[in-house]
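The values are calculated or read from the model by the stated rules, or taken from the named source; none is laboratory data. Note that the coordinates shown come from a computational prediction; the quantities given were computed from them, not determined experimentally. Because the Cβ atoms are built from the backbone with ideal geometry, glycine has one as well, and the counts that use them run over all protein chains shown.
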């Protein structure tokens with residue numbers, strides 16, 4: 001998920017620690033959200049939006065939506081290819097037990 005958090009924070013000349021304190025989260029959480037490694041929970045997204053006096057949609061955008069080709073030029077969605085795997089193992093089963101059973 002893309003977001004404008006870093007830009008909004010910089011406009012106010014806040015550090016990540018300043019923003020984290022205002023949101024009551026860790027500085028590491030702010031960094032993870034800014035870099036897209038973590039998507040905030042809905043309650044946290046609402047707190048961020050209220051803090052910046054903006055809507056959630058104005059701050060956060062779905063990266064897939066922005067990068068998707070236009071509808072007139074898009075191809076039909078394709079199913080993801082998955083690697084073929086062996087039998088699912090039940091808890092406590094080893095590969096040998098699974099082979100013997102199936």
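Numbers for the structure displayed
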item: Failed item, numbered, when residue 64 is tested on (1) closer than 15 Å to residue 3 by Cα; (2) at pLDDT 95 or above; (3) not in a loop (DSSP other than H, G, I, E, B); result: (2)
item: Qualifying residue in region 74-96 (condition: modelled with pLDDT under 95, loosely packed, with under 14 Cβ neighbours inside 10 Å and not in a loop (DSSP other than H, G, I, E, B)); result: yes
item: Conditions (1) surrounded by 10 or more Cβ atoms within 10 Å (Cβ to Cβ); (2) part of a loop (DSSP other than H, G, I, E, B); (3) modelled with pLDDT of 95 or more; number of the one not met by residue 38; result: (3)
item: When residues of region 23-35 are limited to those that are touching a helix residue (DSSP H, G or I) at 6+ places or on another chain (Cβ under 7 Å) and part of a helix (DSSP H, G or I), the one nearest to residue 5 (Cα to Cα); result: 34
